[in-house]
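**Student:** Just passing along the structure, written as structure tokens.
The values are calculated or read from the model by the stated rules, or taken from the named source; none is laboratory data. Note that the coordinates shown come from a computational prediction; the quantities given were computed from them, not determined experimentally. Heads up, the Cβs are rebuilt from the backbone with ideal geometry, glycines too, and the neighbour counts pull from every protein chain shown. All accessible areas refer to the heavy atoms of the entire protein, side chains included, with ligands and DNA or RNA removed. Shrake-Rupley method; radii C 1.70, N 1.55, O 1.52, S 1.80 Å.
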Amino acid sequence: MPYIDATYQSLEEAVEMYKLYADKAGFGVRFNTIKRFGDKTIKLRYVVYNEMGKIPNRSTDTLDPEGSGRNKRNSNFRITDCKALIKFERLHMGTNACKIYEFEEKHNHPLDTKEERRYSKRARQLSYKDKEFIVRSATSNIGATNTHKLQASLQGGYENVGPEVIDYKNFRRKMGNINGDKDAQLVVDKMNMRKDELPNYTFEYKCVDSVLNAMFWVDETDKLYYKEFGDVISFDATFRTNMYDVIVLYFLL
């Protein structure tokens, strides 16, 4: 339970505490007011109930000027004007430590039940392992729906998965958008980063008509192996059956 004047090593730690508290209590939160010091570091940060706000007046249906008996526009967007919130204050400029200087616990609405919490925004967030599982499944041509079913089977039921199948589909679509025709540039950038960071790492590539045509890379360890043992050249016999239709040539040591 948060309490006034409680201190934390960082604002991130304090916010995560309140998110965990909200998750256990059964309500969602969002960031609100923020104030900064002169050096642009955060001085004050408000975290509020995610449906906080003034209830709008929807007495007139602007979509039906002739009048059809309805006096409210259909909407599943809820505003409760709940005052529950927490305010964090950084102790002073130049430090990450902060404290709670205001906390309102009471809500003006029922809190989510344990079953309802499964569908909260926080519960449905994809973890790194979820994302990795989706990516690995995609490389095996397993769609998002079947990936979600497989995850549910591995976890012992859908109630243990967290994210819904639509969350898997959304991430799978974003993954395709990120790659798309830019996946070659992502590979080149990653290899160049390794070249800058690793000693004696070699990377070369060739483009034809602005299209990546060939790549070659080898690290320091492989160069030592090659010096001592020589090499074997191997062709990937399945290169014409994959989605990229690209020849793969391995230099096996």
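**Student:** Identify the residue in the stretch 92-104 that is in a loop (DSSP other than H, G, I, E, B) and surrounded by 13 or more Cβ atoms within 10 Å (Cβ to Cβ) and, among all such residues, is modelled with the lowest pLDDT.
**Tutor:** Checking each candidate, the answer is Asn96.
**Student:** Checking the conditions here, which among Asp39, Asp5 is open to solvent by 80 Å² or more (accessible area, probe 1.4 Å) and either under 13 Å from Phe103 (Cβ atoms) or part of a loop (DSSP other than H, G, I, E, B) (or both)?
**Tutor:** Asp5
**Student:** Name every residue in the stretch 132-154 that is open to solvent by 40 Å² or more (accessible area, probe 1.4 Å) and in a helix (DSSP H, G or I), in order of residue number.
**Tutor:** Glu132, Phe133, Val135, Arg136, Thr139, Thr145, Asn146, Lys149, Leu150, Ser153, Leu154
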